[in-house]
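First up is the structure itself, then whatever we jot down about it.
The values are calculated or read from the model by the stated rules, or taken from the named source; none is laboratory data. What you see is a predicted model, and the numbers here were worked out from it, not measured in a lab. For neighbour counting, all protein chains shown are included, and Cβ atoms are generated from backbone atoms with ideal geometry for every residue, glycine included. Calculation scope for accessible area: heavy atoms of the full protein, side chains included, ligands and nucleic acids excluded. Shrake-Rupley method; radii C 1.70, N 1.55, O 1.52, S 1.80 Å.
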Amino acid sequence: MTVSIHTLGCKLNQTESETLAVVFRERGYEIIPENQKPNIVVVNTCTVTSMAEQKARGIIRNAAKNAACVLVCGCYARLDSEKIERLGDNVFAVDFKNRSTVFAEIEKRLQRLVPNFQPPTPNPQPPTPLSLHSRAFLKIQDGCDKSCAYCRVRLARGSSVSVNAREALGRLRLFEKAGYAEAVLTGVNLNLYQDGERDLAGLLKLFIKETEGIRLRLSSLEPEAVTSALADVLAHRRIRPHFHLSVQSGSDSVLRRMRRPYTAELVEEKAMLLRRVKDDPFLACDVIAGFPGETEADFERTYELCVSVGFAWIHAFPFSPRPGTEAFDLSGRVNDREIIRRVSRLTELARTGRRVYVNRCLERGGVIEAVVESHRGSLPENCVAAVSENYLKLLVHLPRGETYARGSLLSVRLTAPSIAPFDAEGQVTGSSEQR
Ligand code: SF4
């Protein structure tokens, strides 16, 4: 019985899809790519924007035509299961959190949908931890206790829960033993990590102390939670110089109405703190454009904050009114055309920010670390695609005859901004150096 997993949304969803792949394999199912006509398609959904939900419905409808059964999980499925199940007779919303019961339920339905269906024989050899990516994804936290006015994620995932520190360390060690050079720590709100006395800073210290050399990257941080204690740990050479701040706005009045517990001034302070403990880290941020009541002046404050911090990248999201959230009923909606204009101004600023950052890295020179990625499409001869410690997408020239497997750690000297067609996503060219 073959299964494919289609993942939408954040790194946490990607991490959970990988764990799901391991669970299916343990139960004897075979994981195959979606274009190879699987019996079962799992769609792991996102609810952050209405666009994400629309995309999920399209994927579900298409899968329902080709597969015997479509299992829909993730945030959207948790909040709108009935709506999702109306997309097809072979479409079911499932919550894999209840592993003990969910497979019995799934196999009961498969018996109805697949003639002579027999549950596969469980896999005697527990599969090795599987990461579909060249860098391992490690979930350390889930849910959120905050109440941001626009957020539906907390409604889908509930209050914050933290993975036991020893259990998380055990998985990290398995990844290190399996040869992964880097692990990306994922969660809904990493800063809410708490296992007994141990908070996020404490967990990072434990990871660094109790593993050999695996590098650690944090998927995102809340500005107000970047304390000096955390920054002191982030200074460690094994923590990647790449921080993604969930900023959302640069206008204090908009931040208040978003129920975000900080000011624009604090965001600047935290950016300076991160730059004090790391040598020119790649600072990125999330910003929502067009929150209800956001005036042109409010937007300009957001724009100015992004300019003054000098983010190397800005993920600009158009405000998306989410059912069940406080912002859904707020007055003062900004019209769509204006929202699009604001998003494109921020995206243009993001491209400038990245060019400036890349040029600074090139001027500084030196050798940086990078992890070899798989690459879709052709690359020039003797080249690999890689992601650098400071989150640059690299095209790395290798000495003739040398090859590196996906996930390998390289030392790279940056040489030039990449040229078309390899200049997608601000790619940079480099040459590998002996480690
Ligand atoms: S911090 Fe806010 S936006 Fe982030 S998950 Fe929690 S409630 Fe949602």
| note | Once both label points are put 7 Å beyond Cα along the C-beta direction, the LYS55-ARG351 separation in nm becomes 2.0
| message | How much accessible area per residue does segment 136-363 have, counting only protein heavy atoms and a probe of 1.4 Å, in square angstrom? | response | 41
| What is the antiparallel percent of DSSP beta bridges lying wholly in the chain, to the nearest 5? | 35
| What is the extension gain from ALA416 to GLU26, computed as 0.36 nm multiplied by their sequence separation minus the C-alpha to C-alpha distance, in nm to one decimal? | 135.8 nm
| query | If you take the square roots of the eigenvalues of the alpha-carbon gyration tensor of segment 90-238 and sort them as a ≥ b ≥ c, do you get rounded (a/c under 1.5), prolate (a/b over b/c) or oblate? | reply | oblate
| message | Per residue of segment 192-198, what does 6.51 cos²θ - 1.76 cosθ + 1.60 with θ = phi - 60° give for ³J(HN,Hα)? Whole Hz please, x for Gly and Pro, Karplus curve as stated. | response | 8, 4, 7, 10, x, 7, 8
| task | Only residues of segment 193-216 count here: report those whose backbone N is under 20 Å from the spot 7 Å along Cα→Cβ of ALA178, or say none. | result | 207-208, 210-216
| Within segment 64-93, what residues put their amide N at less than 14 Å from the label point 7 Å along the Cα-to-Cβ vector of VAL114? | 67-71
| query | FRET efficiency for ARG341 and SER147, Cβ-Cβ distance as r, R0 = 30 Å, nearest 0.05? | reply | 0.50
| query | Given a Förster radius of 56 Å and the C-beta distance between LYS83 and SER378 as r, what FRET efficiency does 1/(1 + (r/R0)^6) yield to the nearest 0.05? | reply | 0.85
| field | Per-pair calculated FRET efficiency, R0 = 51 Å: SER431 and THR101 via Cβ, rounded to 0.05 | value | 0.40
| query | Over the chain, what percent of the accessible surface lies on carbon and sulfur atoms, probe 1.4 Å? | reply | 50
| Which order, highest average first, do 200-207, 270-277 follow once you tally other Cβ atoms within 10 Å for each residue and take the mean per peptide? | 200-207, 270-277
| note | Extension length gain for ARG198 and ASP252 (0.36 nm per residue less Cα distance), in nm, is 16.3 nm
| Under a 1.4 Å probe, what is the accessible area of segment 2-113 per residue, stated in Å²? | 46
| query | Can you give the percent of C-alpha pairs in segment 2-113 whose distance is more than 19 Å? | reply | 38
